[in-house]
Every structure is written in structure tokens, then in C-alpha cells.
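The values are calculated or read from the model by the stated rules, or taken from the named source; none is laboratory data. Predicted, not measured: the structure shown is a model, and the values here were computed from it. Every residue, glycine among them, receives a Cβ derived from its backbone with ideal geometry; neighbour counts consider all protein chains shown.
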């Protein structure tokens with residue numbers, strides 16, 4: 001059963017949406033506050049030309065702006081201290097920190113990283129789901145169609161084929177990278193682009 005119909009129509013028109021294991025139903029049914037936060041952030045987002053042209057650092061201005069909006073709504077960057085116990089022997093099993101976390105919902109923003117970051121995110125979702133720490137994972141990334149805009153702006157090489165975009169993510173999810181964790185993905189489309 002696909003539950004994308006739970007998403008408002010305007011969100012489905014602005015973003016390329018992909019769902020794994022009924023993530024929309026889990027989010028809107030079990031986590032209405034986090035669902036509303038997600039819709040609010042997605043509705044408020046625009047992709048500014050000036051931010052595409054600005055050189056990135058540790059985190060791009062685009063990813064930083066999305067994260068900051070979630071932080072204002074009470075989400076936090078979160079690390080988890082996990083261990084594996086075998087008999088009486090304890091082994092640390094650290095996870096990667098999650099960009100935004102609130103009430104068993106984990107969210108990652110992958111704007112322009114190398115595509116192996118998707119493997120890290122999905123493995124993290126899988127592990128945290130199996131440990132019953134999260135019930136759903138969300139990834140906000142970019143749609144493939146934005147490459148045309150990057151090329152026109154002379155930034156095509158910076159946003160190359162081996163960086164994070166939908167066609168590099170979806171095969172990883174469908175191949176089982178996130179295990180049984182419900183996952184909801186939003187690809188930023190050209191409809192959100194603004195010449196500022």
C-alpha cells in the first residue's frame with residue numbers, strides 16, 4: 001500500500017516524493033506534530049540562485065537553512081551512544097549523528113555531498129530503527145532535474161553525477177539499504193527555484 005496520498009497536493013507538486021514502507025502513514029498517523037513541522041518547512045522552502053552560487057564549506061547555505069528551520073521548531077542534531085552486549089562483554093557500536101531528530105523521527109538533509117553519504121544515512125536509519133530508537137527516517141535531497149539549472153549557472157561540475165541526488169538514492173533504498181525502516185524522501189525540484 002502506498003500512502004503518499006496523505007501528503008498535501010502542493011507538496012507533491014513542489015517535490016519529487018518517494019516513499020518506502022508506508023512512511024507517510026507512519027508519520028502523519030503516529031507523529032502528527034513532526035508531520036506538521038515537516039510540511040511547514042517544505043512549504044516555506046525556496047531554492048535561491050544566490051545560495052547555489054555561494055561556495056559551500058562544512059555545510060552548504062541551503063542545507064543549513066533547512067536544518068535551522070527544523071531547529072527553530074524544536075528538532076535537534078542528535079548522536080546516539082549504542083553498544084552491543086555479548087555475555088558480559090560490551091562493545092561500542094557508535095552511530096552517525098542525525099541532522100534533525102524529534103520524537104522518534106530522524107531527518108537528514110543531503111544537498112551536495114558525495115553519494116556514499118546516502119549509504120551512511122540509510123545504514124544509520126536501519127540500525128536506529130532496529131534498536132527501536134526511530135520509527136521513520138526522512139531525507140531531503142535534490143531532484144536530478146536541477147542539474148540543468150546548475151549547468152546554466154556554471155556550477156554543473158560542482159554538482160556532478162557522483163553527488164547526492166534522487167537517482168543515486170532510490171536504488172539504494174530499493175536495494176534494502178535502510179532495512180525495514182520506513183523512509184520518506186523529498187527531492188527539491190526546479191519549481192522551487194528563485195532568481196534572487
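Inside the stretch 152-196, residues that are in contact with a strand residue (DSSP E or B) (Cβ under 7 Å, 6 or more places away or on another chain) and modelled with pLDDT under 95 make up a count of 5. Got at least one residue in the stretch 139-158 being assigned to a helix (DSSP H, G or I), under 14 Å from the mean Cα position of the chain (by Cα) and under 25 Å from residue 71 (Cα atoms)? Scanning the stretch 139-158, I find no residue that is assigned to a helix (DSSP H, G or I), under 14 Å from the mean Cα position of the chain (by Cα) and under 25 Å from residue 71 (Cα atoms), so the answer is no. Consider the stretch 159-169 and keep the residues that are in contact (Cβ under 8 Å) with a residue 40 or more places away in the chain and in a helix (DSSP H, G or I). The one that is farthest from residue 184 (Cα to Cα) is 168.
Residue 134 falls short on exactly one of the conditions (1) closer than 22 Å to residue 55 by Cβ; (2) in a loop (DSSP other than H, G, I, E, B), and that condition is (1).
Checking the stretch 115-124 against the condition returns a match, with at least one residue being at pLDDT below 95, under 18 Å from residue 187 (Cα atoms) and either touching a helix residue (DSSP H, G or I) at 6+ places or on another chain (Cβ under 6 Å) or not in a helix (DSSP H, G or I) (or both). Filter the stretch 151-192 down to residues that are surrounded by 18 or more Cβ atoms within 10 Å (Cβ to Cβ) and more than 23 Å from residue 19 (Cα to Cα), then give me how many there are. The total comes to 1. Within the stretch 7-27, the set of residues being surrounded by fewer than 18 Cβ atoms within 10 Å (Cβ to Cβ) and more than 19 Å from residue 169 (Cβ to Cβ) comprises 8, 9, 10, 13.
The residue list 30, 106 contains one member that is within 18 Å of the chain's Cα centre (by Cα) and surrounded by 13 or more Cβ atoms within 10 Å (Cβ to Cβ), which is 106.
Only a single criterion out of (1) closer than 21 Å to residue 193 by Cβ; (2) surrounded by 18 or more Cβ atoms within 10 Å (Cβ to Cβ); (3) free of Cβ contacts under 8 Å to residues at least 60 places away in the same chain; (4) touching a helix residue (DSSP H, G or I) at 6+ places or on another chain (Cβ under 9 Å) is not satisfied by residue 59, namely (2). Looking at the stretch 64-82 only, could you name the residues that are modelled with pLDDT under 95 and crowded, with 18+ Cβ neighbours inside 10 Å? 80, the sole residue that qualifies.
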